[in-house]
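Visitor: Please see the structure below; I have some questions.
Values in this text are rule-based calculations from the coordinates and carry no lab data. Just so it is clear, the structure is predicted and the values come from calculations on it, not from any experiment. Cβ: placed from backbone, ideal geometry, glycine included. Neighbour counts: every protein chain shown.
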Amino acid sequence: MNPKRDFLAITDFSSDELRRVLDRAHRLKRGEEPARLEGRSLAMIFRKSSTRTRVSFEVGMTQLGGHALFLSDRDSQMGRGESVHDTAKVLSRFVDGIMIRTFAHQEVEELARHATVPVINGLTDLLHPCQVVADLQTVEENLGPRYDELVVAWIGDGNNMANSWLNAAVRLGFELRLACPEGYDPDPAILERAQAAARVVLTRDPSEAARGAHVVTTDVWASMGQEDEAEARARAFAGFRVDGSLMELAHPDAIFLHCLPAHRGEEVTADVIDGPRSRVFDEAENRLHAQKSILLELMA
């Protein structure tokens with residue numbers, strides 16, 4: 001029997017494995033892959049609310065012939081204090097895989113350590129790997145898999161999305177430019193590892209990051225759990241809005257990405273997110289196909 005595998009970070013896949021996941025995601029979107037998870041079940045633990053993560057995983061399991069179970073803190077004993085250790089051991093006796101969307105990344109690592117079935121990180125405060133796999137699928141649909149020539153500009157908070165883009169740069173070798181305000185840099189260890197392995201630049205100037213970029217991407221200024229920081233963050237990020245002028249600095253064929261939900265007029269203007277360069281709804285749809293590919297990689 002093969003050892004069980006988890007997907008907690010993009011770097012959990014080798015470059016070849018990530019390439020295989022992306023190729024399969026394209027085939028799944030075209031309807032060229034059979035359903036191969038008949039009779040399999042996925043437990044979905046949600047300690048953070050969700051639209052895209054829940055719907056895409058639940059629909060994805062159904063389309064692959066399996067079944068998904070939604071567990072919020074109101075629906076499980078974790079909400080009443082049952083340990084991650086015991087939850088992992090019990091769920092492993094019932095299901096074939098576990099997806100969790102939560103706050104602390106350590107909680108996902110502990111779940112994976114004690115579970116005997118694959119664990120998928122649906123989002124933590126540190127990383128959002130499933131989203132970036134879907135983003136990469138969207139990039140390839142529009143620009144092809146020419147990562148040696150690709151320049152990605154991240155504008156805004158050095159959050160879980162920025163950290164996952166850093167991990168993707170390590171595996172695929174594209175140039176990544178991050179424009180973050182002072183005090184809002186990506187995780188230092190993830191940044192240092194990426195700078196040692198890939199073409200990564202950290203700047204305080206969004207124009208420097210966007211100039212000539214093929215992909216311009218951003219996220220909200222205050223994520224879930226940071227609501228009390230919203231005013232301070234709005235001041236810090238005031239010069240980091242993606243607007244038409246910033247997009248004009250990008251490559252003529254550049255696309256705009258945003259993991260959603262978006263706050264029009266804050267991190268991005270309406271003319272950009274609703275404009276001809278935006279691919280945000282293709283990107284959202286690709287959560288379904290990318291995650292189906294990840295499920296097949298781990299559970300088939």
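Visitor: Can you tell me the dipole magnitude for the chain around its Cα centre, using point charges on the Cβ only (Lys, Arg +1; Asp, Glu -1), in Debye to the nearest 20? The partial results should precede the final answer.
Guide: On the way: 35 positive and 47 negative charges, 187 e Å.
In total the dipole reaches around 900 debye.
Visitor: P(r) for the stretch 234-296, please, calculated from all Cα pair distances in 5 Å bins and given in %.
Guide: With 5 Å bins starting at 0, P(r) equals 4, 16, 24, 20, 15, 10, 7, 3, 0.
Visitor: Now for a different question. Please work out whether the stretch 100-183 counts as rounded, prolate or oblate from its C-alpha gyration tensor, where a ≥ b ≥ c are the square roots of the eigenvalues and a/c under 1.5 means rounded, while otherwise a/b larger than b/c means prolate and anything else oblate?
Guide: Values: a/c = 2.67, a/b = 1.52, b/c = 1.76.
Taking the square roots of the gyration eigenvalues as a ≥ b ≥ c, the stretch 100-183 is oblate.
Visitor: What are the ³J(HN,Hα) values, in whole Hz, obtained from phi via the Karplus relation 6.51 cos²θ - 1.76 cosθ + 1.60 with θ = phi - 60°, for each residue of the stretch 122-130 in sequence order, with x given for Gly and Pro?
Guide: Per-residue couplings from phi come out as x, 2, 9, 5, 8, 9, 9, x, 4 Hz.
Visitor: Further question: Within 10 Å, at most 13 other Cβ atoms, and a DSSP state outside H, G, I, E, B define an exposed site. Report the longest part of the chain free of exposed GluC sites (Glu not before Pro). Don't skip to the answer; put the middle values down first.
Guide: Numbers: sites that count: Glu32, Glu38, Glu82, Glu149, Glu182.
With GluC sites (Glu not before Pro) excluded where exposed in loops, the chain gives 183-300 as its longest stretch.
Visitor: For the chain, what D do you get in µm² per second when you plug the Kirkwood radius from alpha-carbon pairs into Stokes-Einstein at 25 °C and 0.890 mPa s? Don't skip to the end; give the middle numbers.
Guide: On the way: Rh = 19.5 Å.
So the translational diffusion coefficient is about 126 µm²/s.
Visitor: If Lys and Arg each add +1 and Asp and Glu each add -1, what is the summed charge of the other residues whose beta carbon sits under 12 Å from the beta carbon of Leu249? Please list the in-between numbers first.
Guide: Numbers: positive: Arg177, Arg211; negative: Asp205, Glu208, Asp243, Glu248.
Local net charge: -2.
Visitor: About its Cα centre, what dipole magnitude does the stretch 42-157 give when the only charges are +1 on Lys and Arg Cβ and -1 on Asp and Glu Cβ, stated in debye to the nearest 20? Mind showing how you got there, number by number?
Guide: Values: 11 positive and 16 negative charges, 97 e Å.
The calculated dipole for the stretch 42-157 is roughly 460 debye.
Visitor: Which lysines, if any, have their Cα less than 22 Å from the Cα of Lys4, not counting same-chain residues under 8 positions apart?
Guide: Lys89, Lys292
Visitor: Between Arg235 and Glu208, how high is the FRET efficiency from 1/(1 + (r/R0)^6) when r is the Cβ-Cβ distance and R₀ = 22 Å? Nearest 0.05. It would help to have the intermediate numbers written out before the result.
Guide: Values: r = 21 Å, r/R0 = 0.97.
Once rounded, the FRET efficiency stands at 0.55.
Visitor: Could I ask something else about it? What residues qualify as long-range amide H neighbours of Leu69, i.e. H under 5 Å apart, gap of 5 or more or another chain, H built at 1.01 Å from N?
Guide: Result for Leu69 returns Leu42, Ala43, Met44.
Visitor: Taking 0.36 nm per residue of separation and subtracting the Cα-Cα distance, what length does fully extending Ala300 through Glu149 add?
Guide: Numbers: separation 151, 0.36 × 151 = 54.36 nm, distance 3.36 nm.
Full extension from Ala300 to Glu149 adds 51.0 nm.
Visitor: Report the trypsin sites (Lys or Arg not before Pro) located in the stretch 184-274 that are in a DSSP loop and have at most 16 other Cβ atoms inside 10 Å of their Cβ, or state none. Don't skip to the end; give the middle numbers.
Guide: Working: sites: Arg193, Arg199, Arg204, Arg211, Arg233, Arg235, Arg241, Arg264; in loops: Arg199, Arg204, Arg211, Arg241.
Filter output for the stretch 184-274: Arg199, Arg204, Arg211.
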